[in-house]
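Engineer: Here it is, the structure, as structure tokens.
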Amino acid sequence: MIRKILAAILSGVMVVSLVACSPSNNKKVEQRKVEEPAKASIEEKPFIGEGEWAQDYTREEVTTLNEEITARVEEAANFLGLEYIKEEKIKDENSESVNDKYIYFDNLNPEPNKIESMYYGFKTYGSDMAKGSLNLKIGLKLDLEQIKNEDKFDLKETSISNFSEAMTNDSERDYSEVNEKIIDIVKNQNANGTIETNLNGLVETITIKDEFLLYKIDSKMYDFKK
């Protein structure tokens, strides 16, 4: 049920939680989700505003950024006592070769305000790897009753912040504005509840559907030919 709801939000984009489960026990589920291609073409990335991350970087520079982020994501996962998969695969998306280096874990039965699944990866496109992007995707099961009854939600208190900060390398972020928007969407049952924020050139997108929150951070599609 969880994956059906999140799949509807993503329209086919792979989503990924916070309590670890054994990779061996869920290999088929993990394999299916990791290899599920995005429906949008690589040109359909969200708008990237101004900021450091919106600059043009070489493949070597983005590779270095990915190595730094990967190390922080692994540190966050280890701190939380999570088991995760770290792999590199070549697959096809929209008839184009994609090399995907990623970290992934999932939990089949998350408690409220716990992550259902998490993916962080560095994708390069084409046989010459001429383009690439950095992407974080997290699915969270919301505690709707707490939000509605107590008018309370703090993204900082969930493990989303651990991985968000691992990607942005910003541990001083004030989440109060985005928290208010999430509470407003839940309380007003806004079926089209989506929040988009520019994080120094990265796009943060939060989509809420029923009791699930989909959290994404996407870099621009870097053109390494420049």
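Engineer: Please list, in order along the range 162-175, the HN-Hα scalar couplings obtained from phi with the Karplus expression 6.51 cos²θ - 1.76 cosθ + 1.60 (θ = phi - 60°), rounded to whole Hz, x for Gly and Pro.
Structural biologist: Running phi through 6.51 cos²θ - 1.76 cosθ + 1.60 with θ = phi - 60° gives 4, 7, 4, 5, 5, 7, 7, 6, 10, 9, 9, 5, 8, 8 Hz.
Engineer: Quick check: with the 1.4 Å probe, what order do Leu214, Leu199 take by accessible area, largest first?
Structural biologist: Details: Leu214 5, Leu199 30 Å².
Greatest to least solvent exposure: Leu199, Leu214.
Engineer: Filter the cross-link list Lys101/Lys141; Lys123/Lys225; Lys89/Lys209; Lys114/Lys156 down to pairs whose alpha-carbon distance in this structure exceeds 23 Å. Intermediate results must be reported in sequence, preceding the final value.
Structural biologist: On the way: Lys101/Lys141 26 Å; Lys123/Lys225 16 Å; Lys89/Lys209 30 Å; Lys114/Lys156 12 Å.
Where the Cα-Cα span goes over 23 Å, the pairs concerned are Lys101/Lys141; Lys89/Lys209.
Engineer: Using 0.36 nm times the number of residues separating Ala130 and Ser171, minus their current alpha carbon distance, what extension gain do you get? Could the numbers behind the result be given before it?
Structural biologist: On the way: separation 41, 0.36 × 41 = 14.76 nm, distance 3.18 nm.
Answer, rounded to one decimal: 11.6 nm.
Engineer: Identify, among Leu140, Tyr125, Ile160, the residue whose Cα sits farthest towards the positive end of the charge dipole of the range 111-164, taking +1 on the Cβ of Lys and Arg and -1 on the Cβ of Asp and Glu, with the dipole about the Cα centre.
Structural biologist: Of Leu140, Tyr125, Ile160, it is Tyr125.
Engineer: Evaluate E = 1/(1 + (r/R0)^6) for Glu96 and Thr63, where r is the Cβ-Cβ distance and R0 equals 22 Å; express this FRET efficiency to the nearest 0.05. Could you put the intermediate results ahead of the total?
Structural biologist: Details: r = 20 Å, r/R0 = 0.89.
Calculated transfer efficiency: 0.65.
Engineer: Keeping every protein chain in place, order Glu60, Glu165 by accessible area at 1.4 Å, biggest value first, i.e. largest first. Mind showing how you got there, number by number?
Structural biologist: Working: Glu60 120, Glu165 35 Å².
Listed by decreasing accessible area, they come as Glu60, Glu165.
Engineer: I'd like the distance between the alpha-carbon centres of the range 80-105 and the range 139-182, rounded to an integer number of Å.
Structural biologist: If you average the Cα positions of each part, the centres end up 25 Å apart.
Engineer: Next question. Output the relative contact order of the range 95-180, whole-number percent, from Cα pairs under 8 angstrom with separation of 6+ residues.
Structural biologist: On the way: 116 pairs, mean separation 20.0, N = 86.
Over the range 95-180, the number comes to 23 percent.
Engineer: Name the residues whose placed amide hydrogens come within less than 5 Å of the amide hydrogen of Gly49, ignoring near sequence neighbours (fewer than 5 apart) on the same chain.
Structural biologist: Gly201
The values are calculated or read from the model by the stated rules, or taken from the named source; none is laboratory data. Since we're looking at a predicted model, the values are computed, not measured. Note that each Cβ is placed from the backbone with ideal geometry, even for glycine, and that neighbours are counted across all protein chains shown. The protein model used for the area step is the full one, side chains on, heavy atoms only, and it has no ligands, DNA or RNA in it. Shrake-Rupley method; radii C 1.70, N 1.55, O 1.52, S 1.80 Å.
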